[in-house]
Each structure stands twice: as structure tokens, then as C-alpha cells.
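Student: Encoded as C-alpha cells, here's the structure I'll be asking about.
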2 protein chains.
Amino acid sequence: MENISKKTTIYDISKLTGASPSTVSAALSGTWRSRRIKEATALKIQQVARENGYTPNLQARGLRKARSGLVGMIVPAHTNRYFSTLSNAFEAEARARGLCPVIVSTLRDPEEERRTVETLISYAIDSLFVVGATNPDAISDLCASVNIKQVNLDLPGTKAPSVITDDYWGARILTQELLRSVKKHGGGGEDDPVYFIGGFQSDYATDQRIKAFKDVMKEERGGVPDNHIFANSYDPNASTLDAETMCKLEGGLPSGLFVNSTFAFEGVLRYFSKLPREDFSKISVGCYDYDPFASFMHFPVIMVRQNVQEMMKEAFIIMENGALEPKVTEIKPTLIQPRTMPEAR
Amino acid sequence: MENISKKTTIYDISKLTGASPSTVSAALSGTWRSRRIKEATALKIQQVARENGYTPNLQARGLRKARSGLVGMIVPAHTNRYFSTLSNAFEAEARARGLCPVIVSTLRDPEEERRTVETLISYAIDSLFVVGATNPDAISDLCASVNIKQVNLDLPGTKAPSVITDDYWGARILTQELLRSVKKHGGGGEDDPVYFIGGFQSDYATDQRIKAFKDVMKEERGGVPDNHIFANSYDPNASTLDAETMCKLEGGLPSGLFVNSTFAFEGVLRYFSKLPREDFSKISVGCYDYDPFASFMHFPVIMVRQNVQEMMKEAFIIMENGALEPKVTEIKPTLIQPRTMPEAR
DNA sequence: TCAGTTAACAACATCGATTGTGCAAAATAA
DNA sequence: TTATTTTGCACAATCGATGTTGTTAACTGA
């Protein structure tokens, strides 16, 4: 009954049932009707297979069919609520389609991205979801050379369809709400300082968000000085330094702070943790990205939650339609008020 | 040069160089020296392979060698700092060994765990890391039948080696520190109420933590009523209800709360978010697990950070030594004071 | 000079599943 | 009864890489 050492194959089942390997294959892969196998034969084979704990060797199947049933996804990092929620949604969609999800983080390193994608291709993944890649188009070149369909998420590319958040819109409403909060809790003046920290200049999302931030600041405040904007990296440690610089420049905490991503927020908090609690009485923070705990600080934190479920759903639809034109689909995010906990996920 | 439609194989390289497929294989897989291929031949083949963007078909290799180079890991969920940090460490260790990490979440569902492991086995993973499984021993049976090495993490099993946190010790120091905080910020009396919320009764880790909690409470307070302990589920929503029940029972927030995992903390916060801010002046929370944002609330939150790097390192060492005896290795966690941000990861 | 090495590679079987083709036997038609 | 179709399955090639076993030709030693 139990095979102690090696996996049961169709050849084992073949011997046990007296049927040929091809018949066994048909019976077990579900193609037996179209191959005109008698129902009784198929049922018997399936029965014996079950008794012997048979599961197909998916490497062999993949080799023969030139597709593996694996869907790949690369993300910049796991330790981040936004990306891990994307992983979660990705797995759900993949599972719903009977596919096996493979998620690998690439640490925002172009070389690592390349290596990882090459590895995934070598395992014959059927399609690839690229989240927040530093260079989606380089990945497109890799995928195109082997006919693998690709969809970008979070950051757009020009050689494959992309599903991203409407960052300009999201950053606009976030900035507006932040200014409202500053007016309410800040020092009182129309000139309460507001800063921007986090993200990478040349990054599309950051670019959009800075643009929205500047636009709203212009509309409501007449503008914002360039040295109030720090966008050098997604590395939390960089944001720690930026926060320090900001406080030195300002002579204390500003009344408003737009934090671009929870990565940056982590870094900012690392600096904040050195300050006495009283210092936080007037600051309001707007953070682009959502984390349930981050929304629960002792100062107001307004957050933007990207609509991960819908983004992923859309990405899979595009994939299933062939993932042809490099069209960009924008999904609107949601504003989350301080101390709010939306439903799980 | 560029192959527009299909992957380059050793047969393509064979034709291009005039060498036989087996020679090409040897030249490209690095075994050419022992197979007495002339260096010049090997170099030429490698050159041509590079020019044509050859990468090996790992499914074919895996089929032939009966191992895939994939290492599997299952985790209960992605959207949790503890587990995602484990994922991160797992990837680092796997990469350092030239293996391809495959991480899948199984949602604390025994059936999903089984299905996922079966799928991973079908892809011929070389070894399996099982994190926080509801039933590690059932997985051991699956792995044993196909000779796949397994190591459990977070929750121990009896049929495979396990690496876990010294939960009793960790919960002891957390409870002690929590009581110290309660003494400092609480109502003032020796009888400030302290509660426990989160986790699953029959779960080994929860069991240890409750035991430590009770022991310390007995030592310092003479004991704790049974109805102060809520341990029904890791589902945040359950903890939301538990928090509500607790507050009804107590007529407000208690002075001390031991929260078992950030999952539970999320649920608790969902209820807390409905309470006015003044209510939080006296509460101290001890949370078993670490999350940078959770450590930064407007009331003291003492956290326990499990030593993920070391756990994973140890797990890989055990794996490399054959993963034979079902020995349990315990790693000590670290206490993190409120508003503290340890180095990243 | 001729057996005996050794270098350098080619041929071929193999891993496990899929799939086009072939071929009896059974069923149906004429 | 004979011709024709259908049923039910077996055979064998194939996917791409690996490793064992040949097989030459050059080389060595006595």
C-alpha cells in the first residue's frame, strides 16, 4: 500500500491494473473520455491510483506539455503590508484557477530581479506577475524571448500591460486630507510646514505622488519649498536620516508630513522614537499605503489603502485575455481615516 | 541571436557548435572536466550558449535527476510581520545555497496544508520547511512516503525535527514586564486586572504562553481568574469579539493585556478603535510577536520579537544534517520595549 | 612495430507523463 | 454472411537534460 521510498508512477499503476501506461495516463489526467477508454477501466485505474497514493510527477508533465502550471510573481519585499496583501490576493486568484503560485522577493535589486526571473523561466512558469520592479521592461525582454505572458503591477512598464494605482488621484486626496488635519491639529497658522519623505525620485509612483503633493500645496498654500521634499530611497534607514534632517531644518517636528509608503514610515518612526512624546501634539501624518497598526499612532495618521484585490483580479483578467498591449490600467485607492480598521486582509 | 519563440535547448547549441548534445550538456553543467571534454570545446560551447541566451530547462533536469532544486516552505499567512520576516530569512538562506525558494500560505487550514504539500511534492521539492502548521505530523507522513526531508518551525511536531521559540521563557519575561508597566501606569492597586487574548487553546505555543502567564500571575498576584483568558482563535475577528467581551466584563479597559500574536492585536485594535482616546490612559499591553508599528501606540506596548534569523539558520543546519531525529530546538526571543525600533528586517 | 593507454567525444537509454497512430475485436449495416 | 464502422486499448515517439557505455584516433612504452 504505502510506498516507503519512491513516488508511485503511472508505470506502477499500469502493472497493478494490467492496463498500459497510456491508458493509465488518460484515466488519471481526465482525458479518458476523449480517448475512448471504457468507463469501468478508468474508474478501476483511478481507484488503484488512489489506493497507492499516486500523484502525478508535475515535472514530467510540465516537460511534455511545455508548461508547468506554475505562475510566478516577484515582489520587492515580503515584510510590508502592501506587498504581503498582494501576495495573499495573488495566491487566492492562482488557487482559484488550479495553478501553483510561486512568489519570490527580489529586494529592489535589478540584478536579483533578472536572476530570479531567469530561474522562474527555467522552471517553465506559465505567466509572470511583476510587482514594483525597478526595471519592468528588462523583464519584458526576458519574457518575450520565451513567449511568457507578463503583467506589471504597482509600477508600470512600456512593454507589457500594467495595473497600477491611480497614484496622482490618491496622493491628491491624501494631501488634501492631511492639510485639513494640519489645520485642525497644527500650530494654527496658514503656514504650518508640511514635508514629504520617502520613495525614489525616478520611480513612477513617487513621481506621481510628488506631483500631486506639489499641486495641492500650490492650490491651497501657494506652493512648497523644494527642500521640504525628500525622495531618495525606499530604504527605511534613508528615511530615518531624512526625518532627522527635516527636524533639524525645522527646529522640531513639522505640522504635516506626507510619508510615501510604510517602508519610509518605518524609518521615520525609528527617528521619532527618540523624541519625547510631547513633541507629537501637533503633527499629522499622511501615509501612502495602509498598515493596520500604523493607522493607530498617538498622532493622527491618515492612510491610503491601495485596492489590492481589485488590482490582482484585473491583472489576472488581462493575463487571461492574452496580456497583449502594454496598456496601463489605473485603480483608485481608498482613504483611511486615523484609528480606523477596515475589514481584514 | 534572439530566439523569438522558444527556449534554446542543448540540441540547438549542439547544432550550432557541431558537438553532440551530451557534450553540450557536460560543457554547460560544469561536469566537462571529469568527462574529459577539451577545454577549448567546452569554452566554445559556453560561448555559443551565452550568445543564444541559453538557460537549462530545470524541469527536464529535475526529472532526470529526481530532484528539482526547489525548497518549499508553507506558512499560515503572508500578511503578518512575523511570518513575512520568516519568509525573508528563508529566501536568504535558500539563495545562499543556490536553491529556489517556494513559499505558499495555507491559511491555517489542515486541508489546504495537505493539498499544498502534495502539490509541492509533485514538483519534486528537495526539502520542506513547515511553519506554524496545524498538523505537522500529517505532513510528516506525506513527506516520509516520498523521502522528503522536513523541518518544522514555530510549532513543533513529533515526527520531524522542530525549531521553535522558547515560548514559556518569552511569555514569562513578557508577563513580568507587563506587570511592571501596569504597576507604573495602571490604576495603582495591586489588583489591577490583567487579561490574556489570542491564540488557539490546543496550539502548543499558546499553551506554553498561557502557562507562563498563569505562573507569573500566580507568583506576583496570587493567580488569575480563568475568565480573564481568551484563547479561541488566531483570527483577528475573534479577538475583536473577545476584546469587547473583556471590556463588558471589566466595565472598561483593563490595566494590563497580554495579546498573543499580532493577529490577535489587530483584532483587539479593531475594537479599541471605537473607544475614545482618554480610555487608554492606564492600559499597558504586552504582545507576543513584534511589529514595528504596533510598538508605537499611544499606550505602552511591550513586544516579544522571535529570533527569526537564528531559527531559520538553525533549521537549515538541521536540514543539511539529514533532518533525522524529531528533536525540538528552542531559541530564545527578545523583549522589545515600547516605542523601540530595532534594526530592520 | 604492435599491444596497451588515454584523450576526446558520440550514441543511447533514461526520468514520468502525454499524445498521435495503429490495430484487434465488437457492433452495426447492407 | 460480408463489409464497414465503432469501441477500446496498446505502441512508440516525444519533451530536455544527464550519465553510462561505446568508439575512434592519437599516443605511449618495450
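Bear in mind that the values in this text are calculations on the coordinates, not laboratory data. Note that this is a predicted model, so its numbers are computed, not measured. Every residue, glycine among them, receives a Cβ derived from its backbone with ideal geometry; neighbour counts consider all protein chains shown.
Student: Decide, for the stretch B:167-305, between rounded, prolate and oblate: order the square roots of the alpha carbon gyration tensor eigenvalues as a ≥ b ≥ c, take rounded if a/c falls under 1.5, and otherwise choose prolate if a/b is larger than b/c, else oblate.
Tutor: The shape class here is rounded.
Student: Here's a follow-up. P(r) of the stretch A:10-56 in 5 Å steps, Cα pairs, percent per bin?
Tutor: 5, 27, 40, 21, 6, 0
Student: On a full-extension model of 0.36 nm per residue, what is the gain between A:SER22 and A:ARG35, subtracting their alpha-carbon distance, rounded to one decimal in nm? Before the final figure, lay out each step's value.
Tutor: Working: separation 13, 0.36 × 13 = 4.68 nm, distance 0.99 nm.
In short, 3.7 nm is gained.
Student: Please report, for the Cα atoms of the protein assembly as shown, the Rg to one decimal and the Dmax as a whole number; what are they, in angstrom?
Tutor: In Å, with Rg to one decimal and Dmax whole: 27.7, 88.
Student: Out of residues 5 or more away from B:HIS298 or on other chains, whose amide H comes under 5 Å of its own, with H placed 1.01 Å from N in the peptide plane?
Tutor: A:HIS298
Student: Let me ask something additional. Summarise the partner chain shielding of B:55-67 as one whole number: the mean count of Cβ atoms from other chains within 10 Å of each residue's Cβ.
Tutor: Other-chain Cβ atoms within 10 Å of each residue's Cβ, averaged: 6.
Student: Distance in nm between label sites at A:LYS184 and B:LYS183, each 7 Å beyond Cα in the beta-carbon direction?
Tutor: For the pair A:LYS184/B:LYS183, the computed spacing is 4.0 nm.
Student: Using a cut-off of 14 Å between beta-carbons, work out the net charge of the residues near A:MET73 (Lys and Arg +1, Asp and Glu -1, A:MET73 not included).
Tutor: Here the count lands on -3.
Student: May I pose another question? So how far apart, in nm, are the two label points at B:GLU310 and B:GLN337 if each is 7 Å from Cα heading toward Cβ?
Tutor: Each label point is offset 7 Å from its Cα along the Cβ direction, giving 2.1 nm.
Student: Next question. If one computes the Cα centroid of the stretch B:248-326 and of the stretch B:18-58, what distance in Å separates the two points?
Tutor: Comparing the Cα centres of the stretch B:248-326 and the stretch B:18-58, I get a distance of 54 Å.
Student: Can you bin the stretch B:65-160 into rounded, prolate or oblate? Criterion: square roots of the alpha carbon gyration tensor eigenvalues sorted a ≥ b ≥ c, rounded for a/c under 1.5, prolate for a/b above b/c, oblate for the rest. Could the numbers behind the result be given before it?
Tutor: Values: a/c = 1.60, a/b = 1.03, b/c = 1.55.
It is oblate, given that a/c is not under 1.5 and a/b is not larger than b/c.
Student: Further question: With label points built 7 Å along Cα→Cβ from the Cα atoms of A:LYS65 and A:ASN232, find their separation and express it in nm.
Tutor: 5.1 nm
Student: Over the stretch A:66-160, what is the relative contact order in percent, taking alpha-carbon pairs closer than 8 angstrom and at least six residues apart?
Tutor: In percent, rounded to a whole number, it is 33.
Student: Within 14 Å, Cβ to Cβ, of B:ALA19, how many net charges do the neighbouring residues add up to if Lys/Arg are +1 and Asp/Glu are -1?
Tutor: +3
Student: Cα-Cα pairs above 30 Å in chain A: how many percent?
Tutor: Summing the P(r) of chain A above 30 Å gives 48 percent of all pairs.
Student: Kindly rank A:29-42, B:272-285 from highest to lowest mean number of other beta carbons found within 10 Å of each residue.
Tutor: Top to bottom by mean Cβ count within 10 Å: B:272-285, A:29-42.
Student: Find every distance from the label point of B:PRO342 to the corresponding label point in the other copies (7 Å from Cα along Cα→Cβ) and write them in nm, one decimal, shortest first.
Tutor: Counterpart label points of B:PRO342 in the remaining copies fall at 3.1 nm.
Student: Put a label point 7 Å from Cα along the Cβ direction on B:GLY53, then list its distances to the equivalent points in the other copies in nm, shortest first.
Tutor: Shortest to longest, the spacings are 4.3 nm.
Student: Assume the label is 7 Å from Cα along Cα to beta carbon: what separations in nm does B:GLU220 have to the matching positions in the other copies?
Tutor: Here the equivalent label points are 4.5 nm apart from this one.
Student: What does the charge add up to near A:GLU190, with Lys and Arg as +1, Asp and Glu as -1, over the other residues with Cβ less than 12 Å from its Cβ?
Tutor: Here the count lands on -1.
Student: Further question on the same structure: Counting alpha carbon pairs within less than 8 Å and at least 6 residues apart, what relative contact order, in whole percent, applies to the stretch B:10-56?
Tutor: Normalised by residue count, the contact order of the stretch B:10-56 is 36 percent.
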